[in-house]
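Q: First, the structure itself, so that you have it in front of you.
The values are calculated or read from the model by the stated rules, or taken from the named source; none is laboratory data. Values in this document were obtained by computation on a predicted structure and should not be read as measured data. FYI the Cβ positions are ideal-geometry reconstructions off the backbone, even for glycines, and counts take in every protein chain you see.
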Amino acid sequence: MEHTISVNLKIWRQRGPKEKGQFVDYHLDNVSTGSSFLEMLDMLNQHLVEQGEEPVVFDNDCREGICGMCSLYINGHPHGPVQGITTCQLHMRKFNDGDTITIEPWRSAAFPVIRDLMVNRNAFDQIQQAGGYVSFNCGGAQDANNLPISKAIADEAMDSATCIGCGACVAACKNGSAMLFVSAKVSQFALLPQGQVERKRRARAMVRKMDELGFGNCTNTGACAAECPKNISLSNIARLNREFIKAKCAE
Amino acid sequence: MIDSTSIMPEFADIESYKLPEYQLDSKIPEGPIAEKWTNYKAHQKLVNPANKRNLDIIVVGTGLAGSSAASTLGEMGFNVYNFCIQDSPRRAHSIAAQGGINAAKNYQNDGDSVYRLFYDTVKGGDFRSREANVYRLAEVSNNIIDQCVEQGVPFAREYGGLLANRSFGGAQVSRTFYAKGQTGQQLLLGAYASLNRQIQKGTVRSFNRREMLDIVIIDGRARGIIVRNLITGEIERYAAHAVVLATGGYGRAFFLSTNAMGCNGSAAIQAFKKGALLANLAFTQIHPTCIPVHGEDQSKLTLMSESLRNDGRIWVPKKKEDAEAIRAGQKKPTDIPDEDRDFYLERRYPAFGNLCPRDIASRAAKERCDAGYGVGTGNAVYLDFKYAIERLGEDVVRDRYGNLFDMYQMISDDNPYETPMMIFPASHYTMGGIWVDYELQTSVKGLFAIGECNFSDHGGNRLGASALMQGLADGYFVLPYTMQNYLSDQIKVPRFSTDAPEFEAAEKAVRERIEKLMAIKGTKSPDEIHKRLGHVMWNFVGMGRTLQSLVKALGEIEEVRKEFYSDLRIVGSADDLNTELEKALRLEDFLVIAKMMAIDALNRNESCGAHFREEYQTEDGEAKRNDQDYMYVSCWKYTGDGAKPILVKEPLKYEAIKVQTRNYKS
């Protein structure tokens, strides 16, 4: 019942952030089409280890599409050719026998390569630290039902909050912009009543930090939303622009 | 012979617990159960704001428990050092929790209360959890929902704007709050946001891609940790006045599990070797609704949320020939008429039906598959939404479970709107863990354990949507109080230098351990050996255990251990990024945990919660508990590598609850 295929892999290998990288070719037989893409890489690494070679380094953890740890630029697409999923959710049945698969790390000035396919996305944490929260100390909350929030608003905030912080938007953008990521968090709080008090300060602080960290500008190409594994909508960016302009005017 | 008492001395010391030095003080406050926590808080010692600034706390882990504890301790004014193995605190595996979080709000007016949540949790845990801890958990559950809403967590809401609830296994009320099928993600991002605010303020310092490899003890108290920088391979030292472990469960002892690839039990083993006790390790939860194993190259199993059991009906064919035809590909599930379907949970447990607790649902699936009624590879049952779609319409089902259905289709290539899902149990959560007292302190002074890595609240089996509740209860509302009772004595203790001889010695031991593994230079990768261990654990220490299977497991674990120390191969170097070395270090600790799990299971001559010893069952296949001899927490004390661990007992007393046989039938 199980089908297997053979694949040719072109994988980017790079020792460190300052070192020169290159594509290395590998061939892999007997890949079950029921395996996930990362299980295919596990197979490759098992072969490499058996030959005494160092495995290909790639970030991964939950392997169910939610932690945002996995990345990979596969055949020119962040998280591979299938829309709306992460690399760990991609299965080998989406490939054909004999296919050549090109695998690269996220390429962006703000995400330096650590090794092979692993990059440093610490810049995302720094943007969140600049203002991606409601300033509120544990213990002083009122009863949760004291403040009704309409279902439509809650659902829309939830859609924005779904961002997993993987960085595919930055990798997909020709300018290396982090606008989709920043706008998702700014939108979540701009929509909800809890986020109102710090609304302006938040938009200013997060955008300032994003600029400071070397992310590019947004030119409304929309590649970010098209490649986002969680389908974060481009309308978040429109909202961020409004939030930012309103905040600047109020300064 | 089905009782292990006579053979236990071969594996462990089960007599010494009677000695005075092995009596445990669980520090349960006096008074009626509903007043214990209030009394405790009213009388505990506190640390004043000026002194908080001078006290350092290490928190290892950034899941729900770790993030919430680190941020709250930071808000209070302590200096916090927070560590995680991932590239960001937001990636901890709490993020993957799907279904929801319980609280006793009674917003649905369906008869819920703090007492009922407490009762359901103790009963769900088959009367093997500590009553006072569980009551406190139920008590603070409502604060958690308030807290998270204030943080901007977008919980599901009704059209009127109030919070929505759904039902989970083991409860007859709707008390589960949720955010689509991504509740863990939203709660963790809430805690991560609070953490980020403290990082920005400078009260919390965040260290990513660092793995703890040892705990440093000075004069009998935990005073620091040794970590490996996973990017550079450097060994680093960090000192503090107290250390908090929030490192999750050890479910990957089975290799295949719903845990993330990096989940491990190493912190528990480091604590164990420094004198902390490991408790109730036999209680490992096998979750009933996971996507079945597809092949040998599989790296992990994916959970399908328990919330699906609200509307999905679980069945296998009534006739063996139908099951055989389905397995051979000659029939499809949709070819089987309703009257030939065996809805075995509804049949066996009419009162709770498809929503009976996880351990019971898992065992019932195994029972049907072992009897020859399984589908797919033979190790799968159906979870069918045909009836829900008929009743509610496809749109409502899509609205409730759309993302889960998509996830299923992505992995299995089947469309669950048209054909039933196939599911099978998989290792998911560990109720057992590091022993802690009421203050969440381990038996090592100054070493605390919170969230899944401690043993305290779930007894023999955890109810759905209670893991998120416990993680956040410990981190937001319990530890920040109880820790002060310890720290109030420490205000005059100056900061420690990491040049202290204890740090030197701990670092040296870590380096020697790494060198020893690097020097084996065998032929097997850590994953290969881990898979072998996983097979042993699943086959002999899995859902059904017997005295014979456990003795066999102990023999085979020893074989795997020998293979590990003689034939392990770690490519690359230790002073560098090395994912193979990371795996090998974790596996070395899993080998110890696996052995302790089997010993604990062998010692417990009863069936209880998730621990099912096949010798101890009723005529209709239900678990047969032995309260007379086993109503205690089985704790294990380390005595040296290869030496026999000592059993230490914490007797369980139930004062607010009447102990009875768990019944989900009527």
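Q: State which residue is farthest from the other protein chains (Cβ to nearest Cβ) when the search covers only the range A:124-135 and only residues that are of a type in the set (A, V, I, L, M) and either surrounded by fewer than 23 Cβ atoms within 10 Å (Cβ to Cβ) or in contact with a His (Cβ under 6 Å, 6 or more places away or on another chain) (or both). Give the steps one after another, and end with the answer.
A: Of all residues in the range A:124-135, those of a type in the set (A, V, I, L, M) come to A:127, A:130, A:134.
Imposing the further condition that a residue be either surrounded by fewer than 23 Cβ atoms within 10 Å (Cβ to Cβ) or in contact with a His (Cβ under 6 Å, 6 or more places away or on another chain) (or both) reduces the set to A:130, A:134.
Numbers: A:ALA130: 7, A:VAL134: 5 Å.
Among them, the one singled out is A:ALA130.
Q: Name the single residue that is surrounded by the most Cβ atoms within 10 Å (Cβ to Cβ) among those in the range B:304-329 being among the charged types (D, E, K, R) and under 15 Å from B:ALA371 (Cα atoms). If you could, list the steps in order and put the result at the bottom.
A: Going residue by residue through the range B:304-329, those that are among the charged types (D, E, K, R) are B:306, B:309, B:311, B:313, B:318-322, B:324, B:327.
Still in the list and also under 15 Å from B:ALA371 (Cα atoms): B:318-322, B:324, B:327.
On the way: B:LYS318: 16, B:LYS319: 13, B:LYS320: 12, B:GLU321: 9, B:ASP322: 22, B:GLU324: 16, B:ARG327: 16.
Top of the filtered list is B:ASP322.
Q: Can you name every residue in the range B:490-531 that is without any contact (Cβ under 8 Å) to a residue 60 or more places away in the chain and within 14 Å of another protein chain (Cβ to nearest Cβ)? Break it down stepwise before answering.
A: Keep residues of the range B:490-531 that are without any contact (Cβ under 8 Å) to a residue 60 or more places away in the chain, which gives B:492, B:494, B:499, B:501, B:504-505, B:508, B:512, B:515-516, B:519-525, B:527-529.
Matches in the range B:490-531: B:ILE520, B:LYS521, B:GLY522, B:THR523, B:LYS524, B:SER525, B:ASP527, B:GLU528, B:ILE529.
Q: Restricting attention to the range A:88-123, which residues are touching a residue at least 60 places away in the same chain (Cβ under 8 Å), more than 9 Å from chain B (Cβ to nearest Cβ), more than 30 Å from A:LEU192 (Cβ to Cβ) and in a helix (DSSP H, G or I)?
A: A:MET92 - this is the single residue of the range A:88-123 that is touching a residue at least 60 places away in the same chain (Cβ under 8 Å), more than 9 Å from chain B (Cβ to nearest Cβ), more than 30 Å from A:LEU192 (Cβ to Cβ) and in a helix (DSSP H, G or I).
Q: Considering only the range B:345-364, I want to know if a residue exists there that is away from chain A (no Cβ under 14 Å), more than 23 Å from B:ALA171 (Cα to Cα) and out of contact with any strand residue (DSSP E or B) (no Cβ under 7 Å at 6 or more places or on another chain).
A: If we filter the range B:345-364 for residues that are away from chain A (no Cβ under 14 Å), which is where we start, we get B:345-364.
Add one more test, that the residue is more than 23 Å from B:ALA171 (Cα to Cα), and what stays is none.
Within the range B:345-364 (the criterion being away from chain A (no Cβ under 14 Å), more than 23 Å from B:ALA171 (Cα to Cα) and out of contact with any strand residue (DSSP E or B) (no Cβ under 7 Å at 6 or more places or on another chain)), the answer is no, since none of the residues qualifies.
Q: Please count how many residues of the range B:118-139 are under 15 Å from B:ASN280 (Cα atoms) and surrounded by fewer than 24 Cβ atoms within 10 Å (Cβ to Cβ).
A: Number satisfying all stated conditions: 1.
Q: Please find, within the range A:66-85, the residue that is nearest to A:ARG13 (Cα to Cα) out of those that are in contact with a Cys (Cβ under 7 Å, 6 or more places away or on another chain) and either more than 7 Å from chain B (Cβ to nearest Cβ) or acidic (Asp, Glu) (or both).
A: Per the criteria, the residue is A:SER71.
Q: Moving on to the next point. I'm told B:LYS331 meets every condition in (1) assigned to a loop (DSSP other than H, G, I, E, B); (2) in contact (Cβ under 8 Å) with a residue 60 or more places away in the chain; (3) more than 27 Å from B:LEU256 (Cα to Cα) except one. Can you identify the failing condition by its number?
A: (2) is the only condition that B:LYS331 fails.
Q: Next question. Does the range B:382-389 include one or more residues that are over 30 Å from B:ILE215 (Cβ atoms), in a helix (DSSP H, G or I) and either in contact with a Ser or Thr (Cβ under 7 Å, 6 or more places away or on another chain) or of a type in the set (Gly, Ala, Ser) (or both)?
A: So in the range B:382-389, the residues over 30 Å from B:ILE215 (Cβ atoms) come out as B:382-389.
Within this subset, residues satisfying the condition of being in a helix (DSSP H, G or I) are B:386-389.
In the following step, the residues that additionally are either in contact with a Ser or Thr (Cβ under 7 Å, 6 or more places away or on another chain) or of a type in the set (Gly, Ala, Ser) (or both) were identified as B:388.
Looking for residues that are over 30 Å from B:ILE215 (Cβ atoms), in a helix (DSSP H, G or I) and either in contact with a Ser or Thr (Cβ under 7 Å, 6 or more places away or on another chain) or of a type in the set (Gly, Ala, Ser) (or both), one finds at least one in the range B:382-389, hence yes.
Q: Quick one: is B:SER67 within 11 Å of another protein chain (Cβ to nearest Cβ) and either over 19 Å from the mean Cα position of the chain (by Cα) or within 22 Å of B:GLY464 (Cα to Cα) (or both)? Talk me through it step by step, then tell me what you get.
A: On the way: within 11 Å of another protein chain (Cβ to nearest Cβ): no; either over 19 Å from the mean Cα position of the chain (by Cα) or within 22 Å of B:GLY464 (Cα to Cα) (or both): yes.
Considered against the rule, which asks whether it is within 11 Å of another protein chain (Cβ to nearest Cβ) and either over 19 Å from the mean Cα position of the chain (by Cα) or within 22 Å of B:GLY464 (Cα to Cα) (or both), B:SER67 comes out as no.
Q: Checking the condition modelled with pLDDT of 95 or more and not assigned by TED's automatic domain parsing to the domain that holds A:GLY222, which residue from A:LYS94, A:LYS151 passes?
A: Details: A:LYS151 fails: not assigned by TED's automatic domain parsing to the domain that holds A:GLY222.
Testing whether each residue is modelled with pLDDT of 95 or more and not assigned by TED's automatic domain parsing to the domain that holds A:GLY222 leaves just A:LYS94.
Q: Just checking, does the range A:42-53 include any residue being touching a helix residue (DSSP H, G or I) at 6+ places or on another chain (Cβ under 9 Å) and assigned to a loop (DSSP other than H, G, I, E, B)? Even if it seems obvious, please write down each step before you answer.
A: Going through the range A:42-53, the residues touching a helix residue (DSSP H, G or I) at 6+ places or on another chain (Cβ under 9 Å) turn out to be A:42, A:45-46, A:49, A:53.
From the residues that got through so far, the ones that are assigned to a loop (DSSP other than H, G, I, E, B) too are A:53.
The answer is yes; a qualifying residue exists.
Q: Another question, then. Somewhere in the range B:113-125, is a residue part of a loop (DSSP other than H, G, I, E, B) and touching a residue at least 24 places away in the same chain (Cβ under 8 Å)?
A: Step one: filter the range B:113-125 for residues part of a loop (DSSP other than H, G, I, E, B), giving B:113, B:125.
When the remaining residues are screened for being touching a residue at least 24 places away in the same chain (Cβ under 8 Å), the result is B:125.
Yes, that holds for at least one residue.
Q: Do the conditions hold for A:ILE85, that is, is it at negative phi and in contact with a Pro (Cβ under 7 Å, 6 or more places away or on another chain)? Break it down into steps so the answer makes sense when it comes.
A: Working: at negative phi: yes; in contact with a Pro (Cβ under 7 Å, 6 or more places away or on another chain): yes.
Yes: the conditions hold for A:ILE85.
Q: State all residues of the range A:155-165 that are within 17 Å of B:ASN196 (Cα to Cα) and either of a type in the set (Phe, Trp, Tyr) or at the interface with chain B (Cβ under 8 Å from one of its Cβ atoms) (or both); if no residue qualifies, say none. I'd like the intermediate steps shown before the answer.
A: The first filter runs over the range A:155-165 and keeps only residues within 17 Å of B:ASN196 (Cα to Cα), leaving A:161, A:163-165.
Correct list: A:ALA161, A:ILE164, A:GLY165.
Q: Another question, if that's okay. Restricting the first residue to the range A:136-154 and requiring it to be more than 7 Å from chain B (Cβ to nearest Cβ) and more than 18 Å from B:GLN186 (Cα to Cα), which pairs with a second residue that is at pLDDT 95 or above and assigned to a loop (DSSP other than H, G, I, E, B) meet a Cβ separation below 9 Å and a spacing of at least six or different chains?
A: Going by the 9 Å Cβ cut-off, the qualifying pairs are A:LEU147/B:GLY161.
Q: Could you go through the range A:26-42 and let me know if any residue there is more than 8 Å from chain B (Cβ to nearest Cβ) and within 18 Å of A:ARG107 (Cβ to Cβ).
A: Scanning the range A:26-42, I find no residue that is more than 8 Å from chain B (Cβ to nearest Cβ) and within 18 Å of A:ARG107 (Cβ to Cβ), so the answer is no.
Q: Output yes when any residue across the range B:513-526 is within 30 Å of B:LEU440 (Cβ to Cβ) and either within 30 Å of the chain's Cα centre (by Cα) or part of a helix (DSSP H, G or I) (or both), and no when none is. Spell out how you get there, then give the answer.
A: Of the range B:513-526, the ones within 30 Å of B:LEU440 (Cβ to Cβ) are B:513.
Narrowing further to those that are either within 30 Å of the chain's Cα centre (by Cα) or part of a helix (DSSP H, G or I) (or both): B:513.
Checked against the condition, which is being within 30 Å of B:LEU440 (Cβ to Cβ) and either within 30 Å of the chain's Cα centre (by Cα) or part of a helix (DSSP H, G or I) (or both), the range B:513-526 yields at least one hit.
Q: Can you find a residue in the range B:83-97 that is within 20 Å of B:PRO357 (Cβ to Cβ) and either away from chain A (no Cβ under 11 Å) or not in a strand (DSSP E or B) (or both)?
A: Of the residues in the range B:83-97, the ones within 20 Å of B:PRO357 (Cβ to Cβ) are B:97.
Filter again for either away from chain A (no Cβ under 11 Å) or not in a strand (DSSP E or B) (or both), leaving B:97.
Yes, the conditions are met somewhere in the range B:83-97.
Q: Oh, and also: So, in the range A:168-203, how many residues would count as being at the interface with chain B (Cβ under 10 Å from one of its Cβ atoms) and under 14 Å from the mean Cα position of the chain (by Cα)? Give the steps one after another, and end with the answer.
A: If we filter the range A:168-203 for residues that are at the interface with chain B (Cβ under 10 Å from one of its Cβ atoms), which is where we start, we get A:185, A:188-189, A:191-195.
Okay, now just the ones that are also under 14 Å from the mean Cα position of the chain (by Cα), so A:185.
The number of residues fulfilling the criteria is 1.
Q: Give B:ARG569, B:ARG561, B:ARG532 a once-over and let me know the one that is buried (at least 19 other Cβ atoms within 10 Å of the Cβ), modelled with pLDDT of 95 or more and not assigned by TED's automatic domain parsing to the domain that holds B:LYS300. Quick ask: steps written out before the conclusion?
A: On the way: B:ARG561 fails: buried (at least 19 other Cβ atoms within 10 Å of the Cβ); B:ARG532 fails: buried (at least 19 other Cβ atoms within 10 Å of the Cβ).
Testing whether each residue is buried (at least 19 other Cβ atoms within 10 Å of the Cβ), modelled with pLDDT of 95 or more and not assigned by TED's automatic domain parsing to the domain that holds B:LYS300 leaves just B:ARG569.
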